[in-house]
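Derivation of every value follows stated rules applied to the coordinates shown; laboratory data play no part. Quick caveat, the model's predicted, so the values are computed rather than measured. Methodologically, a virtual Cβ is constructed for each residue, glycine included, from the backbone with ideal geometry; neighbour enumeration extends over all protein chains shown.
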Amino acid sequence: MAKTLVPIADGVEEMEAVIIVDTLRRAGWEVSSAGVEAQIVTASRGVRLVPDVAWEIVKPETFDILVIPGGLDGTRRLCETTSVLDAVRCFRADAKVIAAICAGPLVLQAAGILGGVRVTCHPSVASELTATPRHDHRVVIDQNVITSQAPGTAFEFALAIIDHVDGADALTTLVPPLVLP
């Protein structure tokens, strides 16, 4: 079972955060959402989310996978949180899976881990993603870095993470009940 950490901050894209956490849990993974600022996170459209744990007490090194949801304001807050950037660097140094969606790849850029890695992101932040060339695909997997574009690609993104870690067989029972196109 993959142990997954999802940091969230005020301004997170609620669809991405919830779809990621829910889909990975449906795969049988242990997933912890970690609030970097408050006990209740106010997402980009005003939805209030209750993180499983406070970021300040999390030990990122005990997790296998780090997933960064988007939402521009939430992403900016994660970019300003030194301990989040340190966690990204440690995951990269340990060749662990790091995934980011929407504006989330800006966190990976702020941590300085994108040199030579192919990524995608939301078109609205593409001009800010200067550390590496951006690819215009819904999901991009390069090495152990998985990126995706937007709320509309959140299911595809979460399933790509599961496929990358557990293999395609893990999707055979997970996908049909979701009734995806």
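Applying D = kT/(6 pi eta Rh) to region 121-181, where Rh is the Kirkwood radius over alpha-carbon pairs, T corresponds to 10 °C and eta to 1.306 mPa s, the Stokes-Einstein value obtained is 124 µm²/s.
When both bridge partners sit in region 3-178, DSSP labels roughly 25% of those beta bridges antiparallel.
Normalising the average separation of contacting C-alpha pairs (under 8 angstrom, six or more residues apart) by the number of residues puts the relative contact order of region 48-148 at 25 percent.
Per-residue packing, averaged as other Cβ atoms within 10 Å, sorts the ranges 129-135, 118-124, 163-169, 96-102 into the order 96-102, 118-124, 129-135, 163-169, beginning with the highest. Each of Ser44, Ser32, Ser148, Ser127 was scored by other Cβ atoms within 10 Å of its Cβ. Listed from fewest to most, they are Ser127, Ser32, Ser44, Ser148. Remark: relative contact order (region 3-178) = 21 percent; criterion is Cα-Cα distance under 8 angstrom and separation of 6 or more residues. In this structure, the amide hydrogen of Ile8, modeled 1.01 Å from its nitrogen in the peptide plane, lies closer than 5 angstrom to those of Ala34, Gly35, Val36, counting only residues at least 5 positions away or on a different chain.
Rg and Dmax over the alpha-carbon atoms of region 51-101 stand at 10.8, 28 Å. Placing one identical point scatterer on every Cα of region 63-142 and ignoring solvent, what is log10 I(q)/I(0) from the Debye formula at q = 0.16, 0.21, 0.22 Å⁻¹? The Debye formula, applied to the Cα set alone, gives -0.51, -0.91, -1.00.
For region 65-71, the Karplus equation 6.51 cos²θ - 1.76 cosθ + 1.60, evaluated at θ = phi - 60°, returns couplings of 9, 10, 10, 9, x, x, x Hz by residue, with Gly and Pro reported as x.
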